[in-house]
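Participant: Here it is: the structure, laid out below.
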Amino acid sequence: MIVTCVYVHVKPESIEEFIKASEANHFESVKEPGNIRFDFSQQADDPSRFMLYEAYESEESAAVHKETTHYLRWRETVQDMMAEPRKGVRYNILQPKNRE
């Protein structure tokens, strides 16, 4: 499983537009083959900061997401809404081991 958390700082005047664009991207992303989870969250103490949590079955399905019409539309739509470039951080999922 491939997990990426994308951190986005949005200009205050663009928050509502960013949410609308991200909702559209979310609803299409969860339909993708290989998508396990796709959420976006707004930071509780700073409404201009968001985190997108993307989980895909494989590197291939995560890469295909970056080629979809809805992702490309989202990327173009929100580009000028950002106060700074977004930052994607990849995570390796660890399987807990019983250490008894």
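The values are calculated or read from the model by the stated rules, or taken from the named source; none is laboratory data. Values in this document were obtained by computation on a predicted structure and should not be read as measured data. Ideal geometry is used to build each Cβ from the backbone, glycine not excepted, and the neighbour counts take in all protein chains shown.
Participant: Applying the selection to segment 1-34, what residues are in a helix (DSSP H, G or I) and either free of Cβ contacts under 8 Å to residues at least 12 places away in the same chain or among the acidic types (Asp, Glu) (or both)?
Facilitator: To start, the set of residues in segment 1-34 that are in a helix (DSSP H, G or I) comprises 12-29.
Scanning segment 1-34 gives Glu13, Glu16, Glu17, Lys20, Glu23, Phe27, Glu28.
Participant: Could you list, in sequence order, the residues of segment 50-62 that are surrounded by fewer than 16 Cβ atoms within 10 Å (Cβ to Cβ), of a type outside the set (Ser, Thr, Tyr) and either in a strand (DSSP E or B) or in contact (Cβ under 8 Å) with a residue 60 or more places away in the chain (or both)?
Facilitator: Going residue by residue through segment 50-62, those that are surrounded by fewer than 16 Cβ atoms within 10 Å (Cβ to Cβ) are 51, 53, 57-60.
If we keep only those that are of a type outside the set (Ser, Thr, Tyr) as well, we get 51, 57, 59-60.
Met51, the sole residue that qualifies.
Participant: Consider Arg75 carefully, then state whether it is surrounded by 14 or more Cβ atoms within 10 Å (Cβ to Cβ) and of a type outside the set (Phe, Trp, Tyr). Step through it out loud before you land on a result.
Facilitator: Numbers: surrounded by 14 or more Cβ atoms within 10 Å (Cβ to Cβ): no; of a type outside the set (Phe, Trp, Tyr): yes.
Taking the combined requirement at face value, the residue does not satisfy it.
Participant: Ok, one more. For Arg99, state whether it is charged (D, E, K, R) and surrounded by 11 or more Cβ atoms within 10 Å (Cβ to Cβ).
Facilitator: Values: charged (D, E, K, R): yes; surrounded by 11 or more Cβ atoms within 10 Å (Cβ to Cβ): no.
No: the conditions fail for Arg99.
Participant: Please work out which one of (1) surrounded by fewer than 10 Cβ atoms within 10 Å (Cβ to Cβ); (2) within 14 Å of the chain's Cα centre (by Cα) is the condition Thr69 fails and give its number.
Facilitator: Among (1) surrounded by fewer than 10 Cβ atoms within 10 Å (Cβ to Cβ); (2) within 14 Å of the chain's Cα centre (by Cα), Thr69 violates only (2).
Participant: Go through segment 1-48 residue by residue and tally those that are of a type in the set (S, T, N, Q) and either at pLDDT below 95 or closer than 15 Å to Lys66 by Cβ (or both).
Facilitator: First pass over segment 1-48, keeping only residues of a type in the set (S, T, N, Q): 4, 14, 22, 25, 29, 35, 41-43, 48.
Retained after the next criterion (residues that are either at pLDDT below 95 or closer than 15 Å to Lys66 by Cβ (or both)): 4, 25, 29, 35.
Of the residues in segment 1-48, 4 are of a type in the set (S, T, N, Q) and either at pLDDT below 95 or closer than 15 Å to Lys66 by Cβ (or both).
Participant: Suppose we filter segment 68-96 for residues that are in a loop (DSSP other than H, G, I, E, B), free of Cβ contacts under 8 Å to residues at least 12 places away in the same chain and more than 19 Å from Val3 (Cβ to Cβ); how many remain?
Facilitator: Result for segment 68-96: 1.
Participant: State whether one or more residues within segment 35-45 are in a helix (DSSP H, G or I) and either in contact (Cβ under 8 Å) with a residue 40 or more places away in the chain or surrounded by fewer than 15 Cβ atoms within 10 Å (Cβ to Cβ) (or both). I'd like the intermediate steps shown before the answer.
Facilitator: Taking segment 35-45 and keeping what is in a helix (DSSP H, G or I), we get none.
Checked against the condition, which is being in a helix (DSSP H, G or I) and either in contact (Cβ under 8 Å) with a residue 40 or more places away in the chain or surrounded by fewer than 15 Cβ atoms within 10 Å (Cβ to Cβ) (or both), segment 35-45 yields no hits at all.
Participant: Can Val30 be described as in contact with a strand residue (DSSP E or B) (Cβ under 7 Å, 6 or more places away or on another chain) and surrounded by 15 or more Cβ atoms within 10 Å (Cβ to Cβ)?
Facilitator: Details: in contact with a strand residue (DSSP E or B) (Cβ under 7 Å, 6 or more places away or on another chain): yes; surrounded by 15 or more Cβ atoms within 10 Å (Cβ to Cβ): no.
Criteria not met by Val30.
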